[in-house]
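Working notes for the structure below.
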Amino acid sequence: MIRHLPFLLALWKANLISAMEYRVSFLTQMVGMMLNNAFYFVFWIIFFDRFEQVQGWNLLDMFFLFGVVATGFGAGTYLFGNALRLSSLIAEGQLDYYLSLPRPVLLHALASRSNASSAGDFTYGLLSFAAAAVYSDSFSGLMLLRFLLASLAAVAVLISFLVLVQSLTFWIGNAPMLTQNAFNAIITFSLYPITLFDGTAKLLLFTLVPAAFIGALPAEFVRQFDLGQLAQICGGSAIFLSLAVFVFHRGLRRYESGNAIQVRT
Amino acid sequence: MPAVSVRNLRKTFQTKRKAAGLRGALAALFRPAFQTLDAVRGISFDMEEGELLGFIGPNGAGKSTTIKILTGILHPTSGEASVLGRVPWRQRQELAFQIGSVFGQRPQLWYHLPAIDTFYLFGKIYELDEADLRRRIALLAEAFEIEQLLETPVRKLSLGQRMRCEVAASLLHKPRILLLDEPSIGLDVVAKQRLRATIQRMNEIEGVGVLLTSHDAGDIEALCKRVIIINDGEIVYRDKVSTLRRRYLTVKHVDVRYNEQLSPDFSLPGVEMLKVGRFGAKMRFDARVTPVEPVIGALAAAGGLADVTVSEPTLEEVIGAIYARAEAENE
Amino acid sequence: MSSRAARTRSAATGWRRASIKASAGKYWAVFRTQLVNSLAYPMDLLGRSLLIVLFMWIFMNLWRVTYGSTGARSIAGLTLADTMWYLMMAEAVMLSKRELSDTITEQVKDGSVAYLLNKPFNFILYHFAAGLGDTILAFAGNLAIGSAVVWLMAGPPPGLAGWLLAAVAVVFAWLLDFCFSALIGLSAFVVEETNAFRWIYQKLLLVLGGLLIPLDFFPAWLQTVAFNLPFAWIIYGPARLFVDPSLTRLGAVLTQQAIWLAVFGCAVWLIYRWAVARLAVNGG
């Protein structure tokens, strides 16, 4: 990873220059997404204004939660924008390009596109975290460090999950509905208080749809240091990352490039 | 040791077959029907370092699949291949530093950026030193005559200009082998010639080996010394381009003009008359069946000759003949 | 066969009637084609309906806990079951509508709108008819699956009256929503990027439209605000009618929908006219 850092930086720079060709569109999408998130959050303000808390979660928890999820989602899908369309890259044979260059295919493919609206999510996440820190009156350098780590973990698990789901394309072909549903599920689950869910559901949120690693777990860790949670966060990220890389490369052996499609038609 | 060596290479694709309509969709869900498609059926060949080798065949013959296996994009179903001593699908990244590739239908240049930006990005990808990269870009820009184009966003270039930039990009890291898959697709005649000339020049200057696929025989004829003809996943012919032409140049076209009028029932034994006019005729014959000499003799004897042109078939026609023969043998 | 005969006959009796009939037939055909087209991909349809299961399950958890913690059997006159059926109808309306603004934006941007405007149909009505064909199917799927899930979790659905009255209001809700989609799509004539408008409109439906929470749970002042905006009558109106059907309520919902339809329908029509004129001058 470290060896590839200069290359990644060059890629991200090229993405940015590309985006600046359409800077008005980029900025509108960014600001639009920030407003979009803010509007959504109004729901929770109204909700907690009336009901105060749900099984121990209050509005402050929601600020932290949105901070981590939006920052993680924003950073992840901005820096690795192709994570949102990996399935069609595979199905349409667009991996050829990355396969013909001397860099790790998955990393190269994921980082080759930046999603403009994700910049808005990222900024919104930072603002939400700032609001949470001020509102809770507990800001410290250590908290910032925990926030950084938590967001990184959220990025790792989210991107891994997206890669895992879309790697199925190697076996079953393009399935946009599956991808769409998986995406909606992980984002939706990560933005609700985890205290709503009981045992089995919780287990699901740590495994099949690992929303807990993107939302609740890192958000709680930001509020307060906990060694057990730290271990969970690091372990979870490592496991999902390696699983994603493994499955993707397994699938790559079955990659059919673009030719098969041409023959078929 | 040859630069590229391929033995019994096979690639089979499995495609899901889906019957039309709702019932088909439901049936496919529970019992998907598979159809296997042999794209490459056990081909073997070698390519020497610095050689210009042409791969020719119709669409779907397996040319692209072979090239994709050699770059490590596809895993073969069975067989062996080695490119510069490496197994492409196992040592893809190492190999990529040594080879360059251009896929005519898949642009590598960033669409919204000027080519120079992609060049610098490639510099990072191939871990090139900044100063070396600048020198290299200057050299390639001159050779490919793209100095004026480098600062223009790629989307504003013509197809021919873009393709020259594409090939230049694939040479940035001084590869020892260049794999070109249909580089001339969609180009007009002038652009094609320009591209061929540049590729040839780079081969002469740097000794870069070129494996070229095309369905345009003109590319092969202009560029390559040796040709492999592939049809339906199998090699149907391999030899020097010159031998190919000599061996298959058996059909001659003759266009003859006379100073005096011909008899309307003018004909020669073993020669097919295509068109007979008052002062001339067009005809065709197979030199293996009917020797050239008596035909020319008979033509001279028929009257006062004004002009005779004997033309050979183009490579295009030759290849057509080879396919026809391969298919006849299969039946 | 019979419809063609009818058309020929009316063509003989008078062109005015014929043209109305012919154009109605035109949009009916567009609607039907889209319906059949969507039916051809049953897995897609099913896939799209899975989302409502996810939402209903999360909502059930959220509101069971919330009702439990307040200790009250009903909040603002709604029991837990009422709330769940309300949210099911709200989500069904929301999830079934098609992102027409997307399509229109694309057609404006790539210039194909210029060709479509020349066709012998109304560009706006064409999109509505095509969208409706898809929406009705998706709505049926969402209702079926959503109802099954909510029935299992929260108990039986409202009576027949609720279904019927809601159905009436839903049609007008889609019309009103369509006006917004058209406005967002047509805004591509002026701005480069319409995604931001789309997201914000969605979120207005989410919060002020009552998609995530019945508006009755809002503080009084915010209820007043929401009820005086059009968004509530796209989501809240039909959904509330569904769990508490009455002719008085139906009257109120339809009145609000009619007012907003008049306002935004005119806006779409004017902007469309303006865009056509501009295209005619600038040539796309």
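The values are calculated or read from the model by the stated rules, or taken from the named source; none is laboratory data. If you're wondering where the values come from, they're calculated on a predicted model, not measured in any experiment. Ideal geometry is used to build each Cβ from the backbone, glycine not excepted, and the neighbour counts take in all protein chains shown. The protein model used for the area step is the full one, side chains on, heavy atoms only, and it has no ligands, DNA or RNA in it. Shrake-Rupley method; radii C 1.70, N 1.55, O 1.52, S 1.80 Å.
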Among A:PHE213, A:PHE225, A:PHE189, the single one that is over 22 Å from A:ALA109 (Cβ atoms), of a type in the set (Phe, Trp, Tyr) and within 14 Å of chain C (Cβ to nearest Cβ) is A:PHE189
Looking only at residues that are among the small types (Gly, Ala, Ser) and surrounded by fewer than 24 Cβ atoms within 10 Å (Cβ to Cβ) in the range A:62-86, which one is farthest from A:SER257 (Cα to Cα)? A:ALA75
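Would you confirm, using the coordinates I've provided, whether A:GLU52 is surrounded by fewer than 24 Cβ atoms within 10 Å (Cβ to Cβ) and on the phi > 0 side of the Ramachandran plot? Give the steps one after another, and end with the answer.
Working: surrounded by fewer than 24 Cβ atoms within 10 Å (Cβ to Cβ): yes; on the phi > 0 side of the Ramachandran plot: yes.
Criteria met by A:GLU52.
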Scan the range C:159-182 residue by residue and report those that are open to solvent by 10 Å² or more (accessible area, probe 1.4 Å) and either aliphatic (A, V, I, L, M) or within 14 Å of chain A (Cβ to nearest Cβ) (or both). C:LEU160, C:ALA161, C:LEU164, C:LEU165, C:ALA167, C:VAL168, C:VAL171, C:LEU175
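Conditions (1) away from chain C (no Cβ under 14 Å); (2) among the hydrophobic types (A, V, I, L, M, F, W, C); (3) in contact (Cβ under 8 Å) with a residue 40 or more places away in the chain; (4) out of contact with any strand residue (DSSP E or B) (no Cβ under 7 Å at 6 or more places or on another chain), marked per residue:
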| position | (1), (2), (3), (4) |
| --- | --- |
| A:GLN29 | no, no, yes, yes |
| A:ILE45 | no, yes, no, yes |
| A:ARG50 | no, no, no, yes |
| A:THR77 | yes, no, yes, yes |
| A:SER88 | yes, no, yes, yes |
| A:GLN94 | yes, no, yes, yes |
Looking at (1) out of contact with any Ser or Thr (no Cβ under 8 Å at 6 or more places or on another chain); (2) aliphatic (A, V, I, L, M); (3) within 13 Å of chain A (Cβ to nearest Cβ); (4) open to solvent by 10 Å² or more (accessible area, probe 1.4 Å), which one does C:ILE213 not meet, given that it meets all the others? (4)
Close pairs from the range B:59-77: first within 10 Å of chain A (Cβ to nearest Cβ), partner of a type in the set (Phe, Trp, Tyr) and surrounded by fewer than 24 Cβ atoms within 10 Å (Cβ to Cβ), Cβ under 8 Å, at least 6 apart: B:ILE69/B:TRP89; B:GLY72/B:TRP89; B:ILE73/A:TYR255; B:LEU74/A:TYR255; B:LEU74/B:TRP89; B:HIS75/A:TYR255; B:HIS75/B:TRP89
Could you please let me know if C:ALA267 is surrounded by 13 or more Cβ atoms within 10 Å (Cβ to Cβ) and assigned to a helix (DSSP H, G or I)? yes
Report yes if some residue within the range C:245-262 is buried (at least 16 other Cβ atoms within 10 Å of the Cβ), of a type outside the set (Gly, Ala, Ser), in the same structural domain as C:ASP102 (by TED's automatic domain parsing) and over 20 Å from C:ALA166 (Cβ atoms); otherwise report no. no
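How many of the residues in the range C:216-244 are farther than 18 Å from C:PHE180 by Cα and surrounded by fewer than 24 Cβ atoms within 10 Å (Cβ to Cβ)?
12
Residue by residue through the range C:183-206, note down the ones that are at the interface with another protein chain (Cβ under 8 Å from one of its Cβ atoms) and outside any helix (DSSP H, G or I).
Pass one, the range C:183-206, residues at the interface with another protein chain (Cβ under 8 Å from one of its Cβ atoms): C:191-193, C:195-197, C:199-200, C:202-204, C:206.
Hits for the range C:183-206 are C:VAL191, C:GLU192, C:GLU193.
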Pairs with Cβ under 7 Å, 6+ apart, first in the range A:8-24 and more than 9 Å from every other protein chain (Cβ to nearest Cβ), second in a helix (DSSP H, G or I): A:TRP12/A:LEU79
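Scan the helices (runs of 4 or more DSSP H) fully inside the range A:162-233 and keep the ones with 2 or more residues being without any contact (Cβ under 8 Å) to a residue 12 or more places away in the chain. Break it down stepwise before answering.
Working: elements: A:169-172, A:176-190, A:199-206, A:211-214, A:216-223.
The helices (runs of 4 or more DSSP H) meeting that bar are A:176-190, A:199-206.
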List pairs: first in the range C:259-270 and of a type in the set (Gly, Ala, Ser), second loosely packed, with under 14 Cβ neighbours inside 10 Å, Cβ under 7 Å, 6+ apart or cross-chain? none
Select, from B:PHE144, B:PHE97, the only residue that is more than 9 Å from chain A (Cβ to nearest Cβ) and touching a residue at least 24 places away in the same chain (Cβ under 8 Å). B:PHE144
Taking the range C:36-69 and keeping only residues that are modelled with pLDDT under 80 and more than 10 Å from chain A (Cβ to nearest Cβ), one is left with C:VAL36, C:ASN37, C:SER38, C:LEU39, C:ALA40, C:PRO42
Positions within the range C:57-88 being surrounded by 15 or more Cβ atoms within 10 Å (Cβ to Cβ) and in contact with an Asp or Glu (Cβ under 7 Å, 6 or more places away or on another chain), in sequence order: C:LEU78
For the range B:101-113, how many residues are out of contact with any Lys or Arg (no Cβ under 9 Å at 6 or more places or on another chain) and more than 8 Å from every other protein chain (Cβ to nearest Cβ)? 2
Among (1) at pLDDT 95 or above; (2) within 30 Å of B:VAL40 (Cα to Cα); (3) surrounded by 22 or more Cβ atoms within 10 Å (Cβ to Cβ), the one test that A:VAL155 misses: (2)
Looking at (1) more than 9 Å from every other protein chain (Cβ to nearest Cβ); (2) of a type in the set (A, V, I, L, M, F, W, C); (3) farther than 30 Å from A:TYR22 by Cβ; (4) out of contact with any Asp or Glu (no Cβ under 7 Å at 6 or more places or on another chain), which is the only condition B:LEU133 fails? (3)
